[in-house]
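Encoded as structure tokens, the structure appears first; notes follow it.
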Amino acid sequence: MDLRDLAALAAEIYQRSRPGTPDEDPDRTFEDRAVRLETTFQGAGVLNGDLTPECAAVVTAVLDALSAPVGAEDTRTHVQRYHDALQEAMRPLCFCIMMDVWTTCRQTGRKPSSGRACTAV
């Protein structure tokens, strides 16, 4: 094989590796997006999912911001700090949901139609 044949073979391999559809529209929704939380022994959980690039960027930014080691005496691993950062990020959201429920109940005398409730703070 000479250089021209090698270039033709590389081009063919590249074309065969591409999907049959044109380049994806960046505004297209990510249909396989999902997050699953399974509760296990004594209320512990397993969280996994398939995130859109935008969601992954936001989650990464939040976890990175909240998971920095706290001094030299912080012996937690990176994944343990990520766990703790996730918990810390959820606390204010839970509080906001509780306030929304409380405000709606107080103003209208009924629970919000969304059925949202957050009791773990």
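The values are calculated or read from the model by the stated rules, or taken from the named source; none is laboratory data. Quick caveat: nothing in here was measured; it's all calculated off a predicted structure. Positions of Cβ are generated from backbone atoms using ideal geometry, with glycine treated the same way; all protein chains shown enter the neighbour counts. Ligands, DNA and RNA are stripped out before the accessible areas are found, and what is left, the full protein with its side chains, is counted by its heavy atoms. Shrake-Rupley method; radii C 1.70, N 1.55, O 1.52, S 1.80 Å.
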Considering residues that are in a helix (DSSP H, G or I) and open to solvent by 60 Å² or more (accessible area, probe 1.4 Å), the number found within region 63-81 is 6
Apart from one, (1) closer than 18 Å to A89 by Cα; (2) out of contact with any strand residue (DSSP E or B) (no Cβ under 7 Å at 6 or more places or on another chain) all hold for V35; the odd one out is (2)
In region 35-45, how many residues are open to solvent by 70 Å² or more (accessible area, probe 1.4 Å) and among the aliphatic types (A, V, I, L, M)?
-> 2
How many residues are under 22 Å from N48 (Cα atoms) and either open to solvent by 80 Å² or more (accessible area, probe 1.4 Å) or free of Cβ contacts under 8 Å to residues at least 12 places away in the same chain (or both) when one looks only at region 82-109?
-> 7
Within region 50-62, considering residues that are in contact (Cβ under 8 Å) with a residue 12 or more places away in the chain and in contact with a helix residue (DSSP H, G or I) (Cβ under 9 Å, 6 or more places away or on another chain), the one surrounded by the most Cβ atoms within 10 Å (Cβ to Cβ) = L51
